[in-house]
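Only the coordinates and a few stated rules stand behind these numbers; no lab work does. Treat the numbers as computed from the prediction; the structure is a model and nothing was measured. Every residue, glycine as well, gets a Cβ built from its backbone with ideal geometry; the counts of neighbours run over all protein chains shown.
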Amino acid sequence: MAKVKVKSKAVQAARVAICEACPYFIPTIRRCRQCGCKVEDRAKMEDRGCPMNRWPGDLPNV
């Protein structure tokens with residue numbers, strides 16, 4: 001199995017903070033209403049971006 005590349009802890013925290021301020025964020029289950037992801041999981045992944053293009057420097061990747 002290929003190893004998944006992850007972002008730094010600082011980038012992960014910044015991504016999660018952006019998600020928490022987004023109107024699509026569902027705080028009770030910590031998921032995105034737009035793509036359905038668990039924000040902490042998606043924020044870790046090097047090859048994933050925000051489907052709403054809210055993470056600076058990242059391309060959306062649903």
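Give region 13-47 a look and list any residue that's closer than 23 Å to residue 3 by Cα and in contact with a Cys (Cβ under 8 Å, 6 or more places away or on another chain), or say none. Within region 13-47, 15, 39, 42, 43 qualify. Taking (1) closer than 24 Å to residue 3 by Cα; (2) among the charged types (D, E, K, R); (3) under 10 Å from the mean Cα position of the chain (by Cα); (4) assigned to a loop (DSSP other than H, G, I, E, B) in turn, residue 54 satisfies each apart from (1). How about region 23-39: which of its residues are exposed (fewer than 15 other Cβ atoms within 10 Å of the Cβ) and either among the polar types (S, T, N, Q) or under 11 Å from the mean Cα position of the chain (by Cα) (or both)? Matches in region 23-39: 28, 36, 38.
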